[in-house]
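The values are calculated or read from the model by the stated rules, or taken from the named source; none is laboratory data. What you are looking at is a predicted structure, and each value in this text was computed from that prediction instead of being measured. FYI the Cβ positions are ideal-geometry reconstructions off the backbone, even for glycines, and counts take in every protein chain you see.
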Amino acid sequence: MANQSNSNLIPVTAADHAGAKVFVGVTVPLLACCTFAIAARLTPRLRPAWRFGWDDGLILVAYVRPTGTAFGLLITLHSFSLLPSGLS
């Protein structure tokens, strides 16, 4: 299916591949750092006693939305084979 020509599709250029590499190279480490920081903040609040406040809830909301968007974009890159060869 990748070899078929379709006039409705936008052609993928070398710049698109470079942009995908930059996106993956920036997004994955930042998501890992954010996940670690949020886990480090929330773990002491959940153990030994439940001290989960409204500010922690806002942090989770602010974390979940961009994380879902980033994973959606990573899945899109993978489905269009734009990910670098070592990551697909």
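May I ask you to list pairs of residues, at least six apart or on different chains, whose Cβ atoms are under 9 Å apart, with the first in segment 10-35 being in contact (Cβ under 8 Å) with a residue 60 or more places away in the chain and the second being of a type in the set (Val, Ile, Thr) and exposed (fewer than 12 other Cβ atoms within 10 Å of the Cβ)?
Short answer, once both residue conditions are applied: Asp16/Ile10.
Just one of (1) in contact with a helix residue (DSSP H, G or I) (Cβ under 7 Å, 6 or more places away or on another chain); (2) more than 25 Å from Leu60 (Cβ to Cβ) trips up Ile38, so point out which.
The single condition Ile38 does not satisfy is (2).
Would you mind finding the one in Leu87, Leu60, Leu31, Leu74 that is within 14 Å of the chain's Cα centre (by Cα), surrounded by 10 or more Cβ atoms within 10 Å (Cβ to Cβ) and at pLDDT 90 or above?
Result of the check over Leu87, Leu60, Leu31, Leu74: Leu31.
Kindly indicate the residue of segment 10-27 that is under 20 Å from Gly68 (Cβ atoms) and surrounded by 13 or more Cβ atoms within 10 Å (Cβ to Cβ) and also modelled with the lowest pLDDT among those meeting that condition.
Residue satisfying both the conditions and the ranking: Ala20.
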